[in-house]
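Asks: Below is a structure I'd like to ask you about.
The values are calculated or read from the model by the stated rules, or taken from the named source; none is laboratory data. All of these numbers come straight from a predicted model, not from anything done at the bench. Here Cβ is always computed from backbone atoms with ideal geometry, including for glycine, and neighbour counts include all displayed protein chains. Note: accessible area is taken over every heavy atom of the protein model, side chains too, but ligands, DNA and RNA are not part of it. Shrake-Rupley method; radii C 1.70, N 1.55, O 1.52, S 1.80 Å.
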Amino acid sequence: MRATPFGRSRAGYAIYRLLVSGEQRRSALLLVAVVMANAPDLDFVPGILVGAPAMYHQGVSHSFAFAAAAGVMGAVLLRAMAGRVAQMGFFLAFLCYSSHLVLDLFGRDARPPYGIPLFWPLTDHTFLSPVPLLLGVHHASRASSSTSEWVNSILTLRNVAALGLEIVLILPLVLLTWRWRPAVES
Ligand SMILES: [Zn+2]
């Protein structure tokens with residue numbers, strides 16, 4: 001995990017504001033944006049189930065193939081819920097899911113293999129920016145770390161600092177979408 005869930009959600013929100021015009025905005029679309037911006041890290045869930053949360057973290061769920069699958073899921077979901085916005089659902093889900101991958105790309109990685117397998121299944125090669133921009137949430141990253149070690153490692157002052165840095169980096173983007181959108185609509 002590199003950016004914090006808060007930072008990811010804000011990125012999803014920024015994409016929602018940019019992609020969905022005023023009259024098309026629905027809370028269902030916003031929910032899809034925020035969920036998809038955090039969805040790749042659901043790979044903690046199987047690890048939590050076996051008592052070692054980091055076991056399967058940053059595997060194939062951090063790939064564009066999964067982002068495309070998320071797009072299809074977003075399209076199906078919104079078609080079922082709102083009827084006519086299937087295409088919007090695809091792009092919204094795909095871009096929000098991909099924003100998570102981009103944020104991870106510019107974060108830190110504490111254990112090998114460093115980076116994320118962006119182009120799986122074409123290649124297992126993992127990618128990571130040589131210069132990390134985001135501190136991210138520090139957590140016990142050893143595959144063998146227990147759930148209690150993992151939870152304790154998340155509740156630290158350092159993670160509060162990471163959150164602060166993200167607010168500084170991502171907030172201008174969100175403010176920009178707030179300012180920019182009304183000008184486009186009018
Ligand atoms: Zn991630």
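Asks: On the basis of being touching a residue at least 60 places away in the same chain (Cβ under 8 Å) and either within 30 Å of Ser148 (Cβ to Cβ) or within 13 Å of the ligand (Cβ to nearest atom) (or both), does Gly89 make the cut? Quick ask: steps written out before the conclusion?
Replies: Details: touching a residue at least 60 places away in the same chain (Cβ under 8 Å): yes; either within 30 Å of Ser148 (Cβ to Cβ) or within 13 Å of the ligand (Cβ to nearest atom) (or both): no.
In short, no.
Asks: Just give me the residues in the stretch 109-127 being closer than 22 Å to Ala162 by Cα and either away from the ligand (no atom under 12 Å from the Cβ) or not in a loop (DSSP other than H, G, I, E, B) (or both), in sequence order.
Replies: Just the residues of the stretch 109-127 that are closer than 22 Å to Ala162 by Cα, to begin with: 109-112, 114-116, 127.
Within the stretch 109-127, Ala110, Arg111, Pro112, Tyr114, Ile116, Phe127 meet the criteria.
Asks: What pairs come up if the first residue lies in the stretch 19-45 and is farther than 22 Å from Ile116 by Cβ, the second is among the hydroxyl-bearing types (Ser, Thr, Tyr) and open to solvent by less than 30 Å² (accessible area, probe 1.4 Å), and their beta carbons are under 6 Å apart, counting only those six or more places apart or on different chains?
Replies: Leu30/Tyr16
Asks: Moving to a separate point now. I'm trying to understand the selection: among the residues of the stretch 48-57, which are open to solvent by 50 Å² or more (accessible area, probe 1.4 Å) and either assigned to a helix (DSSP H, G or I) or more than 14 Å from the ligand (Cβ to nearest atom) (or both)? Break it down into steps so the answer makes sense when it comes.
Replies: Our first condition is that a residue be open to solvent by 50 Å² or more (accessible area, probe 1.4 Å); within the stretch 48-57, this holds for 48-50, 55-56.
Scanning the stretch 48-57 gives Ile48, Leu49, Val50, Met55.
Asks: If you check Val45 against the conditions, is it within 14 Å of the ligand (Cβ to nearest atom) and open to solvent by 60 Å² or more (accessible area, probe 1.4 Å)?
Replies: Values: within 14 Å of the ligand (Cβ to nearest atom): yes; open to solvent by 60 Å² or more (accessible area, probe 1.4 Å): yes.
So Val45 passes the test.
Asks: Let me ask something additional. Among the numbered conditions (1) closer than 20 Å to Asp104 by Cα; (2) in a loop (DSSP other than H, G, I, E, B); (3) out of contact with any strand residue (DSSP E or B) (no Cβ under 9 Å at 6 or more places or on another chain); (4) of a type outside the set (D, E, K, R), tell me where Met36 comes up short.
Replies: It fails just one condition, (2).
Asks: Moving on. Please go through the stretch 1-35 and give me each residue that is among the charged types (D, E, K, R) and buried (at least 24 other Cβ atoms within 10 Å of the Cβ), ordered by number. Talk me through it step by step, then tell me what you get.
Replies: So the first thing to find is which residues in the stretch 1-35 are among the charged types (D, E, K, R), and the list is 2, 8, 10, 17, 23, 25-26.
Across the stretch 1-35, the qualifying residues are Arg2, Arg8.
Asks: Could you please find all residues in the stretch 103-125 being free of Cβ contacts under 8 Å to residues at least 24 places away in the same chain and of a type in the set (Val, Ile, Thr)?
Replies: Thr123 - this is the single residue of the stretch 103-125 that is free of Cβ contacts under 8 Å to residues at least 24 places away in the same chain and of a type in the set (Val, Ile, Thr).
Asks: Let me ask you something else. Going by the structure shown, is Ala75 away from the ligand (no atom under 13 Å from the Cβ), open to solvent by less than 70 Å² (accessible area, probe 1.4 Å) and among the aliphatic types (A, V, I, L, M)?
Replies: In short, yes.
Asks: Determine which member of the set Ala110, Ala69, Ala52, Ala28 is among the aliphatic types (A, V, I, L, M) and within 19 Å of Leu128 (Cα to Cα). Before you say what the answer is, go through the steps one by one.
Replies: Numbers: Ala69 fails: within 19 Å of Leu128 (Cα to Cα); Ala52 fails: within 19 Å of Leu128 (Cα to Cα); Ala28 fails: within 19 Å of Leu128 (Cα to Cα).
Criteria check complete, one pass: Ala110.
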